[in-house]
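Below is one structure; the comments refer to it alone.
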Amino acid sequence: MFRYLKNKSVFIQVVIFWLIVIILVALANYFVYKSVKLKYLDDTEEIAKHISEHIEDELTQNFRNLRNIAKEIDEEDLKDYSKIVSELNFRIETSRYRKIAIAYLDGKSYATNGEMYDVSQRDYFQRAKKGEEVISNVIYSLDDETQVNVYAVPVYDKFGKVVAVVWASLDTESFSKSLNVKSNDVDVYLMDNFGNLIAGNSAEDNFFEVVEIYDINKKSIENLKKDIDEKKGNYQYFEYKGKKVYMYYKEVMKRIHNESENWWILVRVNKDIVFEATRNITRPLNQISAILIFIFTICFAKIFNKYNQINKSLRDIAYTDSITKGHNEYYLENYLQKNGKKFKYRAFISLQIENISAITNVNGLKGVEYILLEIYNYLQEYLGEDVVIAHSHFGDFKFILEAEKREDVFQKLDGIYIEKIDRSIPIEYYIGIYFMKEEKESFKDLCTYVNLAKHNCNKDNICCVYNEKMHNQELEIIALKDDIKRGILNKEFKAWLQPKYDSKGEKVVGAEALVRWHKYGSIISPYIFIPICEEQGYIQDIDELVLIDVCKQLRKWIDQGKEVVPISVNLSRNYLDKEDAISRLIEIINEYKIEFKYIQFEVTESSLVGNEEKLKEILEKLSKKGFKILLDDFGVGYSSLKTMADLKFDILKIDKSFVDQIGTEKGNNIIKYTVQLCKQLEMGVVVEGVEQKEQFDFLAQLECEYYQGYYFGKPMPTKDFEKLL
C-alpha cells in the first residue's frame with residue numbers, strides 16, 4: 001500500500017487517517033463498554049431499590065404482627081403459657097413462620113410446636129429483654145441444623161417493664177427466596193454492617209473476609225466500609241473469587257432495629273457479562289478497519305440491539321412474577337405512572353384468594369403455585385390481553401379495568417368464574433374495587449383502598465367498592481377492639497338471665513345466661529361485640545366471665561337460703577376447642593362450691609361442625625361429670641338429625657324461627673314431630689322464642705316440658721331474676 005504514496009504529505013494523511021480510525025475504534029469500544037456498564041449499574045440499582053422496599057415491607061409487617069401479639073399478652077396470660085401457645089397456634093396458621101414462642105425472662109420458651117427451649121444465651125433474646133425489637137443474623141435452629149432468622153419483640157406490663165419476649169423463626173432459605181430475584185446475570189445478598197451475610201443467592205459467612213482474600217486492590221473494600229459507616233449507597237469494582245465484578249450496595253432496615261446494625265442489599269454483576277455483551281460487537285472494528293464506516297454502521301446497530309436486549313432482560317427480572325411468569329406489582333405500579341386513563345371510569349381492582357391456606361394444605365406449595373398460574377392465565381384470557389394483570393402477593397391478583405360506565409366494570413367482574421379451576425377444593429375469593437379519582441394517586445394508597453374494600457366482603461357479597469365509610473368503620477373497629485380488651489380486663493361483661501318456665505307456664509324452673517356489656521353507663525348489645533370477639537378470639541374470655549358471674553350469683557342465693565334453679569351457660573366453639581376446656585370449667589364451678597346439677601351447658605349446632613369427634617369426646621366427659629347438655633338452635637344449623645343421633649344431648653332447644661311458623665300447617669307439623677321425636681329419644685324439650693299466647697296454647701297441647709321467650713320474660717339483670725325465685 002505504501003508504494004502508492006507519492007509524497008510524505010499523503011503518508012502523513014494516511015497515518016492521521018489510520019490514527020483517527022484507531023482512535024474512533026477505541027472510542028467506539030469505550031463508548032459501548034461504558035454505556036452497557038452504566039445501564040447494568042442503573043438497572044442493578046433499580047433492582048436493589050425494589051428488593052429493599054419488598055424486604056422492608058415484609059419485615060415491618062412481621063414486626064407489626066409480633067408487636068400486636070405482644071400487646072395482647074398481659075400478666076394474667078403469662079401465668080398460663082399453654083393459653084398463650086394456643087393463641088400463637090392460631091396466629092402461625094396465617095404466617096410463614098416455622099414457629100412462634102413466648103419466652104420468659106429466665107430464657108425458657110414455649111413454642112407452637114409443643115417444645116420448650118432455653119434461649120437465655122441467644123443474642124436476640126438478651127437484646128429483646130432489654131427492650132429492643134430484633135432480627136437476628138443467620139443462626140442454627142434449636143431443633144436441627146436448619147439456618148433461620150429470628151424476630152424478637154419485648155412484652156411489657158402495664159408499668160412499661162419488660163416481662164417476657166415473643167420470638168418467631170423463619171427459614172433463611174425461605175427468607176432468601178423472598179428477595180424475588182432469579183438470574184444468572186446477578187447475585188443478590190443481604191448483609192449487616194459487619195459484613196455478615198444474612199441471605200442471598202449464594203451466601204458466604206462474611207463478605208468482607210471473602211473479598212479481602214481475593215481482592216488485590218484493598219481500596220475498594222475500604223471504600224465500601226467507609227460508605228457503610230456513612231450509610232451511603234454506592235457501587236465498587238472488586239476482584240472477587242478470581243472474577244472482576246461490580247457490586248452495588250444500598251442500606252435497608254432503617255428504623256426497624258438498632259441503627260448501628262442496619263442491613264445492606266448487595267447486588268453483584270460480573271464484569272465478564274458487560275465485556276461479553278460488547279466483545280462480539282467491537283471485534284470487527286479491530287479486524288477490518290479498511291471498511292470502517294460500514295463496520296461502524298453494523299456495530300452501532302448491534303450495540304443498540306444488544307442494549308435493548310440487556311435493558312429488556314433486566315426489566316423482565318425486575319417486573320416479572322416468579323410464580324406466574326407474568327407481571328408483578330412493580331410492573332403494575334410503573335404502568336400506572338406512565339399510562340393515563342382512556343375511558344371515563346378507571347377501576348383499580350384486587351382479587352384475593354381467600355382460602356389460599358386451605359388450598360396450600362391440600363395441594364402443597366408446588367401444587368398451589370400451579371393453581372395460581374392457572375388463575376393468572378384464566379384472568380388474562382377472560383379479561384383480554386389489553387388488561388394488565390399482576391400477581392401481587394401470594395394469591396392476590398391486581399388489575400385495572402376501564403369503561404365508559406361504572407356498570408360495565410361490575411358486569412365484567414360478575415363474569416369471573418374461578419371456582420372451576422381446581423377440583424380438589426372450592427376456590428373462595430373476594431374482590432376489592434376502587435374507582436380512581438386522580439391520574440397520579442399513590443400506588444400504596446390504591447392498595448390500601450382495595451384492601452379495605454376486601455375486608456368488607458363476605459360470602460354473600462364477594463365484591464365491594466371502597467368508600468370513605470369503610471375507612472371510618474375500620475378506625476371504629478380498631479377502637480372497639482381496644483375497648484373490648486379493656487372491658488374483659490375490667491370484667492365489664494355480665495350475665496343476664498332469661499327465665500325458663502315449666503310445662504304449665506307458671507313456675508320458673510331454670511334460666512339461660514346471656515352476656516351483656518356494661519359500658520359507659522349503658523348496656524351494649526351482643527350483636528355489636530360478639531362477632532368481633534369471635535373473630536379475635538376474645539369469646540373464650542367472655543364465656544368464662546359469664547360462667548364466673550353465674551357461679552357468684554348461685555353462691556350468693558344458696559348462702560341466703562333461696563331455692564335456686566339450674567342456669568344454662570353458652571359455650572362457644574372457640575372455648576370447646578381449648579385443650580383444657582373441661583378442667584377450666586370445673587375449676588371455676590368448684591371455686592364457688594356449686595353443685596354440678598345447677599350448671600347446664602348450651603352448645604349450638606354450628607359449633608359442632610368441623611371436629612365432631614373431639615367435641616363428642618368433650619360433651620361425653622361433661623355428661624359423665626353430671627352436667628346436662630342442651631343442643632341450641634336446633635334445625636337452623638348444619639347437621640340436625642345426624643347431630644341428635646351421633647352426640648349425647650339431654651335437652652333440645654327448638655329455635656324461635658320454628659315457633660314463629662306456628663299457625664301454619666307446615667310450622668305446626670315441624671314442631672309436633674320434633675317434640676314427638678325428642679320424647680322417643682328420651683330428651684327434654686325447651687321451646688324458645690315464645691312471644692304470643694296462641695303459640696303457648698298450641699305448645700301446651702303437645703305437652704312440651706319447658707318454655708322460654710318474651711311471653712314469659714325477657715333477659716334481665718340477676719337482681720331482677722332474684723325476685724322470681
Consider LYS469 against the criteria (1) under 21 Å from the mean Cα position of the chain (by Cα); (2) more than 17 Å from ILE539 (Cβ to Cβ): it satisfies all of them except one. Which criterion is unmet?
(1)
I need the strands (runs of 3 or more DSSP E) fully contained in segment 471-542, keeping only those with at least 3 residues that are under 30 Å from GLN701 (Cβ atoms) and at pLDDT 85 or above.
493-501, 508-519
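Filter segment 594-640 down to residues that are aliphatic (A, V, I, L, M) and modelled with pLDDT of 90 or more and give me whichever is nearest to ASP655 (Cα to Cα). Lay out the reasoning, then the answer.
In the first step, residues of segment 594-640 are kept if they are aliphatic (A, V, I, L, M); the result is 594, 599, 603, 608-609, 615, 618-619, 622, 629-631, 636.
Among the residues that remain, those that are also modelled with pLDDT of 90 or more are: 594, 599, 629-630.
Values: ILE594: 29, ILE599: 21, ILE629: 16, LEU630: 12 Å.
By that ranking, first place goes to LEU630.
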Only one of SER568, SER583 that is in a helix (DSSP H, G or I) and within 41 Å of the chain's Cα centre (by Cα):
SER583
Failed condition for ASN180, given (1) at pLDDT 80 or above; (2) crowded, with 16+ Cβ neighbours inside 10 Å; (3) not in a helix (DSSP H, G or I); (4) not assigned by TED's automatic domain parsing to the domain that holds ARG127
(1)
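Looking at segment 152-175, can you tell me whether even one residue there is closer than 30 Å to TYR248 by Cα and at pLDDT 90 or above? Spell out how you get there, then give the answer.
Going through segment 152-175, the residues closer than 30 Å to TYR248 by Cα turn out to be 152, 169-175.
Add one more test, that the residue is at pLDDT 90 or above, and what stays is 152.
Yes.
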If you scan segment 224-260, which residues turn out to be surrounded by fewer than 16 Cβ atoms within 10 Å (Cβ to Cβ), closer than 17 Å to SER52 by Cα and at pLDDT 65 or above?
LYS231, LYS232, ASN234
Please identify the pairs in which a residue from segment 622-634 that is touching a residue at least 60 places away in the same chain (Cβ under 8 Å) has its Cβ atom under 7 Å from the Cβ atom of a residue that is charged (D, E, K, R) and buried (at least 16 other Cβ atoms within 10 Å of the Cβ), counting only partners at least 6 apart or on another chain.
LEU630/GLU602; LEU630/LYS653; ASP632/GLU602; ASP632/LYS653
Those residues that are surrounded by fewer than 18 Cβ atoms within 10 Å (Cβ to Cβ) and closer than 20 Å to TYR430 by Cβ, I need them from segment 364-379; list them, please.
GLU374, TYR378
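Tally the residues that are part of a strand (DSSP E or B), closer than 22 Å to ASN193 by Cβ and over 24 Å from the mean Cα position of the chain (by Cα), restricting the search to segment 112-139.
So in segment 112-139, the residues part of a strand (DSSP E or B) come out as 116-118, 134-135, 139.
From the residues that got through so far, the ones that are closer than 22 Å to ASN193 by Cβ too are 134-135, 139.
Remaining after also requiring over 24 Å from the mean Cα position of the chain (by Cα): 139.
Result for segment 112-139: 1.
Assigned to a loop (DSSP other than H, G, I, E, B), of a type in the set (Asp, Glu) and over 28 Å from ASN361 (Cβ atoms): which single residue out of ASP144, ASP106 fits that description? Talk me through it step by step, then tell me what you get.
Details: ASP144 fails: over 28 Å from ASN361 (Cβ atoms).
Just a single option satisfies the conditions, and that option is ASP106.
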Look through segment 523-582, keep the residues that are in contact with an Asp or Glu (Cβ under 9 Å, 6 or more places away or on another chain) and among the aromatic types (Phe, Trp, Tyr), and return whichever of them is farthest from ASN490 (Cα to Cα).
TRP557
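State yes or no: is TYR140 at pLDDT below 90 and either surrounded by 21 or more Cβ atoms within 10 Å (Cβ to Cβ) or assigned by TED's automatic domain parsing to the domain that holds ILE356 (or both)?
Working: at pLDDT below 90: yes; either surrounded by 21 or more Cβ atoms within 10 Å (Cβ to Cβ) or assigned by TED's automatic domain parsing to the domain that holds ILE356 (or both): no.
Spelling it out, it is not the case that TYR140 is at pLDDT below 90 and either surrounded by 21 or more Cβ atoms within 10 Å (Cβ to Cβ) or assigned by TED's automatic domain parsing to the domain that holds ILE356 (or both).
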List, please: which pairs have Cβ atoms under 7 Å, are six or more places apart or on different chains, and start with a residue in segment 41-53 that is under 11 Å from VAL252 (Cβ atoms) and part of a helix (DSSP H, G or I) and end with one that is modelled with pLDDT under 75 and not hydroxyl-bearing (Ser, Thr, Tyr)?
ILE51/LEU179; ILE51/ASN180; ILE51/VAL181
Give GLU76, GLU58 a once-over and let me know the one that is of a type outside the set (A, V, I, L, M), assigned to a helix (DSSP H, G or I), at pLDDT 80 or above and within 30 Å of GLN536 (Cβ to Cβ).
GLU76
Give all pairs with beta carbons closer than 6 Å in which a residue from segment 395-407 that is within 12 Å of PHE343 (Cα to Cα) meets a residue that is among the hydroxyl-bearing types (Ser, Thr, Tyr); count only pairs at least 6 apart in sequence or on separate chains.
ALA403/TYR345; ARG406/TYR345
Contacts under 7 angstrom Cβ, first residue in segment 706-718 being not assigned by TED's automatic domain parsing to the domain that holds CYS551 and at pLDDT 95 or above, partner crowded, with 17+ Cβ neighbours inside 10 Å and assigned to a loop (DSSP other than H, G, I, E, B), 6 or more apart:
none
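Taking the condition touching a residue at least 12 places away in the same chain (Cβ under 8 Å) and in the same structural domain as GLU694 (by TED's automatic domain parsing), does LYS491 pass? Walk me through how you get there before you give the answer.
Numbers: touching a residue at least 12 places away in the same chain (Cβ under 8 Å): yes; in the same structural domain as GLU694 (by TED's automatic domain parsing): yes.
Answer is yes for this residue.
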If you go through segment 477-486 one residue at a time, do you hit one that is more than 25 Å from ASP74 (Cα to Cα), in the same structural domain as ASP577 (by TED's automatic domain parsing) and out of contact with any Pro (no Cβ under 8 Å at 6 or more places or on another chain)?
no
Residue check for TYR117: buried (at least 19 other Cβ atoms within 10 Å of the Cβ), in contact with a helix residue (DSSP H, G or I) (Cβ under 9 Å, 6 or more places away or on another chain), within 18 Å of THR146 (Cβ to Cβ) and not small (Gly, Ala, Ser)
no
Output for segment 415-467, where each listed residue is free of Cβ contacts under 8 Å to residues at least 12 places away in the same chain, of a type in the set (Lys, Arg) and assigned to a loop (DSSP other than H, G, I, E, B)
ARG423, LYS437
Show the residue pairs that are 6+ apart or on different chains and have beta-carbon atoms under 9 Å apart, the first residue being within segment 370-391 and under 19 Å from GLU329 (Cβ atoms), the second being basic (Lys, Arg) and in a helix (DSSP H, G or I).
LEU383/LYS412
Per the filter on segment 676-713, residues charged (D, E, K, R), within 17 Å of ASP660 (Cα to Cα) and part of a loop (DSSP other than H, G, I, E, B) are GLU691
Within segment 672-717, how many residues are within 45 Å of the chain's Cα centre (by Cα) and of a type in the set (A, V, I, L, M)?
6
Could you say whether any residue in segment 381-394 is β-branched (Val, Ile, Thr), at pLDDT below 90, surrounded by 13 or more Cβ atoms within 10 Å (Cβ to Cβ) and not in a loop (DSSP other than H, G, I, E, B)?
no
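Residues checked against (1) touching a helix residue (DSSP H, G or I) at 6+ places or on another chain (Cβ under 9 Å); (2) at pLDDT 90 or above:
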residue: GLY667; (1), (2): yes, no
residue: CYS678; (1), (2): yes, no
residue: GLY684; (1), (2): yes, yes
residue: GLU688; (1), (2): yes, yes
residue: GLU691; (1), (2): yes, yes
residue: PHE696; (1), (2): no, yes
residue: LEU699; (1), (2): yes, yes
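The values are calculated or read from the model by the stated rules, or taken from the named source; none is laboratory data. Since the model is a prediction, treat every value here as computed from it, not as a measurement. Ideal geometry is used to build each Cβ from the backbone, glycine not excepted, and the neighbour counts take in all protein chains shown.
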